[in-house]
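Notes follow the structure.
The values are calculated or read from the model by the stated rules, or taken from the named source; none is laboratory data. Worth saying up front: this structure is predicted, and the values here are computed from it rather than measured. When we count neighbours, we look across all protein chains shown, and the Cβ atoms used for this are built from the backbone with ideal geometry, even at glycine.
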Amino acid sequence: MGLIYFFVENRNFYISRKKGIFFLIFLFIILVLVLIFANKYIISLDQMKLIYLILLINLSILLIVFFIFLIYRRYSFYEKKGFFSSKVNLFEVILILILISSSFAFAGILYSVSILISIFIFSFSCLFGLFILWKSYELEKICPNKWSIGIYKSKSPLTLTGNGTSNPVISFKEVNDINAKFVADPFLIQEKEKYYLFFEAFNSKTEKGEIALATSVDAVNWSYEKIILKEKFHLSYPHVFKWKEEYYMLPETGKIKSLRLYKAREFPYQWDFVKEILHGKEFMDSTIFYYANLWWLFTETKNNSVLKLYYSDTPLGPWKEHKKSPIVDGDSSIARPAGNVVFYNKEIIRFAQDDESNYGNQVWAFEITKLTKEDYEEKRIGNKPILKGCEKWNKRGMHHISAIKDKKGEWIASVDGY
(Lines give C-alpha, C1' and ligand atoms only; values in the text may rest on other atoms or scores of the structure.)
Protein backbone atom coordinates (compact mmCIF):
# COMPACT_ATOMS: atom_id res chain seq x y z
CA MET A 1 0.00 0.00 0.00
CA GLY A 2 2.91 2.33 0.72
CA LEU A 3 4.27 1.71 -2.77
CA ILE A 4 0.89 2.45 -4.33
CA TYR A 5 0.58 5.68 -2.36
CA PHE A 6 4.08 6.71 -3.47
CA PHE A 7 3.22 6.19 -7.12
CA VAL A 8 -0.07 8.05 -6.69
CA GLU A 9 1.57 11.06 -5.05
CA ASN A 10 4.51 11.10 -7.44
CA ARG A 11 4.31 14.01 -9.90
CA ASN A 12 4.42 11.52 -12.79
CA PHE A 13 2.23 8.94 -11.08
CA TYR A 14 0.06 8.23 -14.09
CA ILE A 15 3.17 6.79 -15.80
CA SER A 16 5.04 5.13 -12.93
CA ARG A 17 1.84 3.98 -11.17
CA LYS A 18 1.23 1.36 -13.87
CA LYS A 19 4.72 -0.08 -13.42
CA GLY A 20 4.27 -0.02 -9.65
CA ILE A 21 1.02 -1.97 -9.71
CA PHE A 22 2.47 -4.57 -12.09
CA PHE A 23 5.41 -4.88 -9.71
CA LEU A 24 3.04 -5.46 -6.77
CA ILE A 25 1.13 -8.09 -8.74
CA PHE A 26 4.43 -9.82 -9.55
CA LEU A 27 5.37 -9.86 -5.85
CA PHE A 28 1.96 -11.26 -4.97
CA ILE A 29 2.32 -14.11 -7.47
CA ILE A 30 5.76 -14.95 -6.05
CA LEU A 31 4.28 -14.96 -2.53
CA VAL A 32 1.50 -17.35 -3.55
CA LEU A 33 3.96 -19.72 -5.25
CA VAL A 34 6.20 -19.70 -2.18
CA LEU A 35 3.26 -20.47 0.10
CA ILE A 36 2.08 -23.31 -2.14
CA PHE A 37 5.59 -24.77 -2.14
CA ALA A 38 5.80 -24.39 1.65
CA ASN A 39 2.44 -26.11 2.09
CA LYS A 40 3.51 -29.08 -0.03
CA TYR A 41 7.00 -29.65 1.31
CA ILE A 42 7.44 -27.86 4.63
CA ILE A 43 4.40 -27.10 6.80
CA SER A 44 1.01 -28.62 7.55
CA LEU A 45 -2.39 -27.66 6.18
CA ASP A 46 -3.53 -26.20 9.50
CA GLN A 47 -0.42 -24.04 9.70
CA MET A 48 -1.05 -22.82 6.16
CA LYS A 49 -4.60 -21.84 7.04
CA LEU A 50 -3.30 -19.86 10.00
CA ILE A 51 -0.71 -18.12 7.82
CA TYR A 52 -3.36 -17.19 5.27
CA LEU A 53 -5.63 -15.93 8.02
CA ILE A 54 -2.92 -13.69 9.43
CA LEU A 55 -1.97 -12.39 5.98
CA LEU A 56 -5.59 -11.69 5.08
CA ILE A 57 -6.29 -9.80 8.29
CA ASN A 58 -3.10 -7.76 7.86
CA LEU A 59 -4.01 -7.00 4.26
CA SER A 60 -7.49 -5.88 5.28
CA ILE A 61 -6.08 -3.61 7.99
CA LEU A 62 -3.58 -2.10 5.54
CA LEU A 63 -6.28 -1.44 2.96
CA ILE A 64 -8.60 0.10 5.54
CA VAL A 65 -5.85 2.37 6.87
CA PHE A 66 -4.85 3.30 3.32
CA PHE A 67 -8.38 4.31 2.32
CA ILE A 68 -8.96 6.25 5.55
CA PHE A 69 -5.72 8.14 4.97
CA LEU A 70 -6.66 8.79 1.35
CA ILE A 71 -10.07 10.15 2.39
CA TYR A 72 -8.45 12.37 5.01
CA ARG A 73 -6.07 13.81 2.42
CA ARG A 74 -8.89 14.58 0.00
CA TYR A 75 -11.11 15.95 2.76
CA SER A 76 -8.33 18.29 3.91
CA PHE A 77 -7.50 19.38 0.37
CA TYR A 78 -11.06 20.15 -0.67
CA GLU A 79 -12.21 21.57 2.69
CA LYS A 80 -15.48 19.69 2.39
CA LYS A 81 -18.51 21.06 4.25
CA GLY A 82 -20.00 17.63 4.80
CA PHE A 83 -18.22 14.29 4.83
CA PHE A 84 -20.84 12.51 2.71
CA SER A 85 -21.29 15.42 0.30
CA SER A 86 -18.47 14.17 -1.90
CA LYS A 87 -19.16 11.41 -4.42
CA VAL A 88 -15.49 10.40 -4.26
CA ASN A 89 -15.47 10.17 -0.48
CA LEU A 90 -18.76 8.24 -0.43
CA PHE A 91 -17.33 5.74 -2.91
CA GLU A 92 -14.29 5.18 -0.70
CA VAL A 93 -16.41 4.80 2.44
CA ILE A 94 -18.36 2.04 0.69
CA LEU A 95 -15.08 0.32 -0.21
CA ILE A 96 -13.96 0.41 3.42
CA LEU A 97 -17.23 -1.15 4.57
CA ILE A 98 -16.82 -3.89 1.94
CA LEU A 99 -13.27 -4.58 3.11
CA ILE A 100 -14.26 -4.74 6.77
CA SER A 101 -17.14 -7.16 6.14
CA SER A 102 -15.04 -9.22 3.73
CA SER A 103 -12.23 -9.65 6.23
CA PHE A 104 -14.59 -11.17 8.79
CA ALA A 105 -16.28 -13.37 6.19
CA PHE A 106 -12.98 -14.63 4.81
CA ALA A 107 -11.64 -15.30 8.29
CA GLY A 108 -14.52 -17.69 8.92
CA ILE A 109 -14.17 -19.33 5.52
CA LEU A 110 -10.49 -20.06 6.03
CA TYR A 111 -11.23 -22.42 8.92
CA SER A 112 -13.66 -24.57 6.94
CA VAL A 113 -12.50 -24.85 3.33
CA SER A 114 -9.62 -26.40 1.51
CA ILE A 115 -6.33 -24.67 0.97
CA LEU A 116 -7.00 -24.17 -2.77
CA ILE A 117 -10.22 -22.27 -2.08
CA SER A 118 -8.37 -20.23 0.53
CA ILE A 119 -5.72 -19.33 -2.03
CA PHE A 120 -8.42 -18.35 -4.50
CA ILE A 121 -10.21 -16.13 -1.99
CA PHE A 122 -6.98 -14.49 -0.85
CA SER A 123 -5.85 -13.97 -4.44
CA PHE A 124 -9.19 -12.56 -5.52
CA SER A 125 -9.36 -10.11 -2.62
CA CYS A 126 -5.85 -8.81 -3.35
CA LEU A 127 -6.38 -8.47 -7.08
CA PHE A 128 -9.80 -6.91 -6.54
CA GLY A 129 -8.24 -4.31 -4.25
CA LEU A 130 -5.59 -3.50 -6.85
CA PHE A 131 -8.24 -3.28 -9.55
CA ILE A 132 -10.31 -0.83 -7.49
CA LEU A 133 -7.25 1.33 -6.90
CA TRP A 134 -6.41 1.18 -10.59
CA LYS A 135 -9.91 2.21 -11.72
CA SER A 136 -10.11 4.88 -9.05
CA TYR A 137 -7.04 6.61 -10.40
CA GLU A 138 -7.69 5.76 -14.02
CA LEU A 139 -10.45 8.39 -13.71
CA GLU A 140 -7.79 10.82 -12.56
CA LYS A 141 -5.31 11.19 -15.40
CA ILE A 142 -5.84 14.78 -14.41
CA CYS A 143 -6.63 14.12 -10.77
CA PRO A 144 -7.90 16.29 -7.89
CA ASN A 145 -4.38 17.50 -7.20
CA LYS A 146 -3.67 18.08 -10.90
CA TRP A 147 -5.42 21.33 -11.71
CA SER A 148 -4.20 22.79 -14.99
CA ILE A 149 -4.56 26.10 -16.80
CA GLY A 150 -6.20 26.81 -20.15
CA ILE A 151 -6.96 29.78 -22.39
CA TYR A 152 -10.49 30.62 -23.58
CA LYS A 153 -11.48 33.24 -26.17
CA SER A 154 -14.60 34.92 -27.52
CA LYS A 155 -16.12 38.23 -28.56
CA SER A 156 -17.86 38.32 -25.16
CA PRO A 157 -16.71 37.43 -21.62
CA LEU A 158 -19.99 35.53 -21.25
CA THR A 159 -19.44 33.12 -24.16
CA LEU A 160 -15.81 32.12 -23.73
CA THR A 161 -14.71 28.70 -25.00
CA GLY A 162 -11.49 26.80 -25.52
CA ASN A 163 -12.18 26.15 -29.21
CA GLY A 164 -9.09 26.63 -31.31
CA THR A 165 -6.67 26.38 -28.37
CA SER A 166 -4.70 23.30 -27.38
CA ASN A 167 -5.50 23.22 -23.67
CA PRO A 168 -4.15 23.00 -21.08
CA VAL A 169 -1.45 25.57 -21.88
CA ILE A 170 0.20 25.24 -18.45
CA SER A 171 0.26 22.21 -16.15
CA PHE A 172 2.43 21.02 -13.29
CA LYS A 173 4.81 19.54 -15.88
CA GLU A 174 5.93 22.97 -17.09
CA VAL A 175 6.95 24.12 -13.62
CA ASN A 176 10.65 23.29 -13.54
CA ASP A 177 12.02 25.09 -10.48
CA ILE A 178 9.92 23.29 -7.84
CA ASN A 179 8.22 19.92 -7.66
CA ALA A 180 4.72 21.22 -8.35
CA LYS A 181 1.69 19.12 -7.54
CA PHE A 182 -0.71 21.32 -9.53
CA VAL A 183 -1.22 24.81 -10.95
CA ALA A 184 -4.38 26.90 -10.53
CA ASP A 185 -5.94 30.36 -10.01
CA PRO A 186 -4.45 32.02 -13.13
CA PHE A 187 -4.69 35.80 -13.51
CA LEU A 188 -4.08 37.26 -16.95
CA ILE A 189 -2.45 40.63 -17.62
CA GLN A 190 -1.58 42.29 -20.95
CA GLU A 191 1.20 44.85 -20.80
CA LYS A 192 2.18 46.44 -24.11
CA GLU A 193 2.47 43.57 -26.58
CA LYS A 194 3.04 40.79 -24.05
CA TYR A 195 0.77 38.60 -21.94
CA TYR A 196 1.60 37.67 -18.34
CA LEU A 197 0.02 34.80 -16.45
CA PHE A 198 0.27 34.80 -12.66
CA PHE A 199 -0.86 31.61 -10.95
CA GLU A 200 -0.52 29.34 -7.94
CA ALA A 201 2.01 26.51 -8.17
CA PHE A 202 1.52 24.11 -5.27
CA ASN A 203 4.87 22.92 -3.93
CA SER A 204 4.59 19.21 -3.10
CA LYS A 205 7.66 19.40 -0.84
CA THR A 206 6.48 22.22 1.41
CA GLU A 207 2.74 21.52 0.89
CA LYS A 208 2.23 25.25 0.29
CA GLY A 209 1.25 27.34 -2.70
CA GLU A 210 3.72 29.70 -4.34
CA ILE A 211 3.12 32.33 -7.01
CA ALA A 212 4.49 31.52 -10.46
CA LEU A 213 4.71 33.33 -13.81
CA ALA A 214 4.34 32.37 -17.46
CA THR A 215 4.56 34.69 -20.47
CA SER A 216 3.35 34.75 -24.07
CA VAL A 217 3.33 37.04 -27.09
CA ASP A 218 0.13 35.63 -28.57
CA ALA A 219 -1.79 34.18 -25.57
CA VAL A 220 -1.59 30.77 -27.24
CA ASN A 221 2.00 29.60 -26.80
CA TRP A 222 3.20 30.04 -23.24
CA SER A 223 6.64 29.87 -21.66
CA TYR A 224 7.03 29.13 -17.99
CA GLU A 225 9.30 31.64 -16.28
CA LYS A 226 9.78 30.94 -12.57
CA ILE A 227 8.42 31.26 -9.05
CA ILE A 228 8.17 34.99 -8.35
CA LEU A 229 6.76 35.05 -4.82
CA LYS A 230 6.90 32.62 -1.94
CA GLU A 231 6.42 32.95 1.80
CA LYS A 232 6.55 30.73 4.85
CA PHE A 233 2.78 30.39 4.51
CA HIS A 234 0.45 29.29 1.72
CA LEU A 235 -0.10 31.64 -1.24
CA SER A 236 -2.69 31.35 -4.01
CA TYR A 237 -5.15 33.41 -6.10
CA PRO A 238 -2.62 36.10 -7.14
CA HIS A 239 -4.95 38.93 -8.12
CA VAL A 240 -2.71 41.38 -9.98
CA PHE A 241 -4.09 44.87 -10.68
CA LYS A 242 -2.86 48.34 -11.63
CA TRP A 243 -3.06 51.49 -9.51
CA LYS A 244 -1.38 54.80 -10.31
CA GLU A 245 0.48 53.18 -13.21
CA GLU A 246 2.07 50.59 -10.92
CA TYR A 247 1.23 46.93 -10.45
CA TYR A 248 0.04 45.43 -7.17
CA MET A 249 -0.82 41.89 -6.13
CA LEU A 250 -3.40 40.69 -3.64
CA PRO A 251 -2.70 36.97 -3.14
CA GLU A 252 -4.72 34.74 -0.86
CA THR A 253 -3.02 34.43 2.54
CA GLY A 254 -5.99 33.12 4.49
CA LYS A 255 -4.02 30.49 6.39
CA ILE A 256 -2.49 33.24 8.53
CA LYS A 257 -5.84 35.05 8.87
CA SER A 258 -4.58 38.05 7.00
CA LEU A 259 -4.98 39.80 3.65
CA ARG A 260 -1.64 41.17 2.45
CA LEU A 261 -0.89 43.62 -0.35
CA TYR A 262 2.28 43.41 -2.48
CA LYS A 263 3.77 45.87 -4.97
CA ALA A 264 5.90 45.17 -8.03
CA ARG A 265 9.40 46.55 -7.55
CA GLU A 266 10.38 45.23 -10.96
CA PHE A 267 7.36 43.99 -12.91
CA PRO A 268 6.72 41.11 -13.29
CA TYR A 269 9.51 39.36 -11.40
CA GLN A 270 10.09 41.12 -8.08
CA TRP A 271 7.41 41.89 -5.51
CA ASP A 272 7.61 43.57 -2.10
CA PHE A 273 5.21 43.31 0.80
CA VAL A 274 3.41 46.65 1.35
CA LYS A 275 0.99 46.16 4.24
CA GLU A 276 -1.74 44.04 5.77
CA ILE A 277 -5.07 45.52 4.70
CA LEU A 278 -7.40 43.14 6.59
CA HIS A 279 -6.84 40.69 9.42
CA GLY A 280 -8.64 38.33 11.81
CA LYS A 281 -10.36 35.98 9.34
CA GLU A 282 -9.44 33.47 6.65
CA PHE A 283 -9.94 35.79 3.69
CA MET A 284 -10.22 33.54 0.63
CA ASP A 285 -9.91 34.45 -3.06
CA SER A 286 -10.13 38.20 -2.43
CA THR A 287 -11.09 40.15 -5.56
CA ILE A 288 -10.47 43.88 -5.88
CA PHE A 289 -11.81 46.36 -8.46
CA TYR A 290 -12.34 50.09 -9.00
CA TYR A 291 -15.77 51.61 -9.62
CA ALA A 292 -17.45 54.99 -9.00
CA ASN A 293 -14.33 56.55 -7.46
CA LEU A 294 -14.01 53.79 -4.87
CA TRP A 295 -12.11 50.54 -4.52
CA TRP A 296 -14.26 47.49 -3.78
CA LEU A 297 -13.26 44.13 -2.38
CA PHE A 298 -15.06 40.78 -2.42
CA THR A 299 -13.70 38.10 -0.10
CA GLU A 300 -14.99 34.73 1.15
CA THR A 301 -14.62 34.10 4.89
CA LYS A 302 -16.28 30.83 5.97
CA ASN A 303 -16.63 27.35 4.47
CA ASN A 304 -16.86 28.64 0.88
CA SER A 305 -20.34 29.97 1.73
CA VAL A 306 -19.97 33.54 3.04
CA LEU A 307 -19.14 36.44 0.70
CA LYS A 308 -18.24 39.76 2.28
CA LEU A 309 -17.90 43.16 0.63
CA TYR A 310 -15.62 46.03 1.63
CA TYR A 311 -14.83 49.44 0.15
CA SER A 312 -12.06 52.02 0.47
CA ASP A 313 -10.72 55.18 -1.13
CA THR A 314 -7.45 53.42 -2.00
CA PRO A 315 -6.17 49.84 -2.07
CA LEU A 316 -4.09 50.70 1.00
CA GLY A 317 -7.23 51.22 3.08
CA PRO A 318 -8.65 51.71 5.56
CA TRP A 319 -11.29 49.22 4.39
CA LYS A 320 -14.86 49.45 5.64
CA GLU A 321 -17.33 46.59 5.50
CA HIS A 322 -20.44 47.29 3.42
CA LYS A 323 -23.80 47.70 5.17
CA LYS A 324 -25.26 44.82 3.12
CA SER A 325 -22.29 42.52 3.82
CA PRO A 326 -22.30 39.55 3.82
CA ILE A 327 -23.60 39.64 0.27
CA VAL A 328 -24.01 35.86 0.34
CA ASP A 329 -24.48 33.94 3.59
CA GLY A 330 -24.70 30.15 3.69
CA ASP A 331 -24.66 29.33 -0.03
CA SER A 332 -21.47 27.60 -1.19
CA SER A 333 -22.71 27.46 -4.78
CA ILE A 334 -22.31 31.21 -5.38
CA ALA A 335 -20.23 32.73 -2.57
CA ARG A 336 -16.55 32.22 -3.29
CA PRO A 337 -15.01 34.55 -5.93
CA ALA A 338 -13.79 32.94 -9.15
CA GLY A 339 -11.64 35.62 -10.79
CA ASN A 340 -11.47 39.31 -11.58
CA VAL A 341 -14.57 41.50 -11.90
CA VAL A 342 -15.34 42.39 -15.53
CA PHE A 343 -16.94 45.50 -17.07
CA TYR A 344 -18.91 44.64 -20.21
CA ASN A 345 -21.59 46.64 -22.05
CA LYS A 346 -21.95 48.95 -19.03
CA GLU A 347 -22.51 45.91 -16.82
CA ILE A 348 -20.43 44.94 -13.79
CA ILE A 349 -19.95 41.18 -13.75
CA ARG A 350 -18.62 39.10 -10.89
CA PHE A 351 -17.79 35.42 -11.21
CA ALA A 352 -18.55 32.89 -8.47
CA GLN A 353 -17.32 29.37 -7.82
CA ASP A 354 -19.89 26.64 -7.39
CA ASP A 355 -18.51 24.64 -4.46
CA GLU A 356 -21.71 22.82 -3.56
CA SER A 357 -20.98 19.13 -2.86
CA ASN A 358 -17.47 19.33 -4.33
CA TYR A 359 -14.91 22.11 -4.41
CA GLY A 360 -14.58 23.67 -7.85
CA ASN A 361 -17.54 22.29 -9.81
CA GLN A 362 -18.26 25.17 -12.17
CA VAL A 363 -18.49 28.97 -12.39
CA TRP A 364 -21.53 31.26 -12.40
CA ALA A 365 -21.75 34.88 -13.60
CA PHE A 366 -23.64 37.63 -11.76
CA GLU A 367 -24.49 41.14 -12.89
CA ILE A 368 -24.09 43.72 -10.14
CA THR A 369 -27.08 45.97 -10.73
CA LYS A 370 -26.60 48.36 -7.81
CA LEU A 371 -23.35 49.25 -6.03
CA THR A 372 -23.11 52.19 -3.63
CA LYS A 373 -21.89 52.67 -0.06
CA GLU A 374 -25.44 52.08 1.14
CA ASP A 375 -26.82 49.48 -1.26
CA TYR A 376 -25.93 46.35 -3.20
CA GLU A 377 -27.95 44.24 -5.62
CA GLU A 378 -27.06 41.54 -8.11
CA LYS A 379 -28.74 39.01 -10.36
CA ARG A 380 -27.61 35.75 -11.85
CA ILE A 381 -26.84 35.85 -15.58
CA GLY A 382 -28.67 32.99 -17.30
CA ASN A 383 -29.63 29.61 -15.92
CA LYS A 384 -26.44 27.85 -16.95
CA PRO A 385 -22.91 28.22 -15.54
CA ILE A 386 -20.51 30.43 -17.46
CA LEU A 387 -17.85 27.73 -17.13
CA LYS A 388 -18.36 23.99 -17.02
CA GLY A 389 -15.68 21.56 -18.10
CA CYS A 390 -16.38 19.32 -21.08
CA GLU A 391 -12.90 18.41 -22.29
CA LYS A 392 -10.59 15.69 -21.02
CA TRP A 393 -8.42 18.11 -19.05
CA ASN A 394 -11.27 19.90 -17.24
CA LYS A 395 -14.30 17.60 -17.33
CA ARG A 396 -14.35 17.08 -13.56
CA GLY A 397 -14.52 20.75 -12.63
CA MET A 398 -13.56 24.39 -13.20
CA HIS A 399 -13.39 27.19 -10.63
CA HIS A 400 -11.60 30.24 -12.03
CA ILE A 401 -11.78 32.74 -14.88
CA SER A 402 -9.63 35.84 -15.44
CA ALA A 403 -11.02 37.68 -18.46
CA ILE A 404 -9.49 40.71 -20.19
CA LYS A 405 -10.21 42.56 -23.41
CA ASP A 406 -7.07 42.66 -25.50
CA LYS A 407 -5.94 45.52 -27.71
CA LYS A 408 -7.58 43.89 -30.73
CA GLY A 409 -10.98 43.96 -29.03
CA GLU A 410 -11.14 40.22 -28.38
CA TRP A 411 -11.91 38.78 -24.96
CA ILE A 412 -9.28 36.37 -23.65
CA ALA A 413 -9.48 34.49 -20.37
CA SER A 414 -7.24 32.26 -18.35
CA VAL A 415 -9.19 29.44 -16.73
CA ASP A 416 -8.37 26.36 -14.69
CA GLY A 417 -9.81 22.88 -14.48
CA TYR A 418 -9.16 19.24 -13.61
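Applying the selection to the range 283-316, what residues are modelled with pLDDT under 95 and not hydroxyl-bearing (Ser, Thr, Tyr)?
Within the range 283-316, LYS302, ASN303, ASN304 qualify.
Mind listing whichever residues of the range 255-269 are in a strand (DSSP E or B) and of a type in the set (Lys, Arg)?
Selection gives ARG260, LYS263, ARG265.
Quick grid of which residues meet (1) surrounded by 18 or more Cβ atoms within 10 Å (Cβ to Cβ); (2) at pLDDT 95 or above:
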| residue | (1), (2) |
| --- | --- |
| LYS146 | yes, no |
| TYR152 | yes, yes |
| THR165 | no, no |
| VAL169 | yes, yes |
| LYS173 | no, no |
| ASN179 | no, no |
| ALA184 | yes, yes |
| PHE187 | yes, yes |
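Looking at the range 289-300 only, could you name the residues that are touching a Phe, Trp or Tyr at 6+ places or on another chain (Cβ under 6 Å) and either among the hydroxyl-bearing types (Ser, Thr, Tyr) or closer than 22 Å to GLU200 by Cβ (or both)?
Once the filter is applied, which keeps residues that are touching a Phe, Trp or Tyr at 6+ places or on another chain (Cβ under 6 Å) and either among the hydroxyl-bearing types (Ser, Thr, Tyr) or closer than 22 Å to GLU200 by Cβ (or both), the range 289-300 yields PHE289, LEU297, THR299.
Just to be sure, is LYS242 at negative phi, in a strand (DSSP E or B), of a type outside the set (Ser, Thr, Tyr) and out of contact with any strand residue (DSSP E or B) (no Cβ under 6 Å at 6 or more places or on another chain)?
Against the criterion (at negative phi, in a strand (DSSP E or B), of a type outside the set (Ser, Thr, Tyr) and out of contact with any strand residue (DSSP E or B) (no Cβ under 6 Å at 6 or more places or on another chain)), LYS242 qualifies.
Collect the residues in the range 310-330 that are within 18 Å of LYS281 (Cα to Cα) and β-branched (Val, Ile, Thr), keeping them in residue-number order.
Hits for the range 310-330 are ILE327, VAL328.
Are any residues in the range 237-253 closer than 22 Å to GLN190 by Cβ and either not assigned by TED's automatic domain parsing to the domain that holds LYS181 or not aromatic (Phe, Trp, Tyr) (or both), and if so, which ones?
PRO238, HIS239, VAL240, LYS242, LYS244, GLU245, GLU246, MET249, LEU250, PRO251, listed by residue number.
Rundown of residues vs (1) out of contact with any Phe, Trp or Tyr (no Cβ under 9 Å at 6 or more places or on another chain); (2) farther than 18 Å from LYS324 by Cα; (3) surrounded by fewer than 17 Cβ atoms within 10 Å (Cβ to Cβ); (4) not assigned by TED's automatic domain parsing to the domain that holds SER156, yes/no style:
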{"position": "GLN353", "(1), (2), (3), (4)": "no, yes, no, no"}
{"position": "TRP364", "(1), (2), (3), (4)": "no, yes, no, no"}
{"position": "LEU371", "(1), (2), (3), (4)": "no, no, no, no"}
{"position": "GLU374", "(1), (2), (3), (4)": "yes, no, yes, no"}
{"position": "LYS379", "(1), (2), (3), (4)": "no, no, yes, no"}
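Among the residues of the range 229-238 satisfying the criterion of being of a type outside the set (Asp, Glu) and surrounded by fewer than 18 Cβ atoms within 10 Å (Cβ to Cβ), which is nearest to THR253 (Cα to Cα)?
Once the filter is applied, the top-ranked residue is PHE233.
Could you please give the count of residues in the range 270-314 that are crowded, with 19+ Cβ neighbours inside 10 Å, outside any strand (DSSP E or B) and of a type in the set (Val, Ile, Thr)?
1
Identify all residues within the range 407-418 that are of a type outside the set (Asp, Glu) and surrounded by fewer than 19 Cβ atoms within 10 Å (Cβ to Cβ); write none if there are none.
LYS407, LYS408, GLY409
Which condition number in (1) surrounded by 13 or more Cβ atoms within 10 Å (Cβ to Cβ); (2) at positive phi is the one that ILE404 fails?
Just one mismatch for ILE404, condition (2).
Could you identify the single residue in GLY382, GLY317, GLY339 that is over 18 Å from VAL240 (Cα atoms) and assigned to a loop (DSSP other than H, G, I, E, B)? Quick ask: steps written out before the conclusion?
Details: GLY317 fails: over 18 Å from VAL240 (Cα atoms); GLY339 fails: over 18 Å from VAL240 (Cα atoms).
Going through GLY382, GLY317, GLY339 in turn, just one is over 18 Å from VAL240 (Cα atoms) and assigned to a loop (DSSP other than H, G, I, E, B): GLY382.
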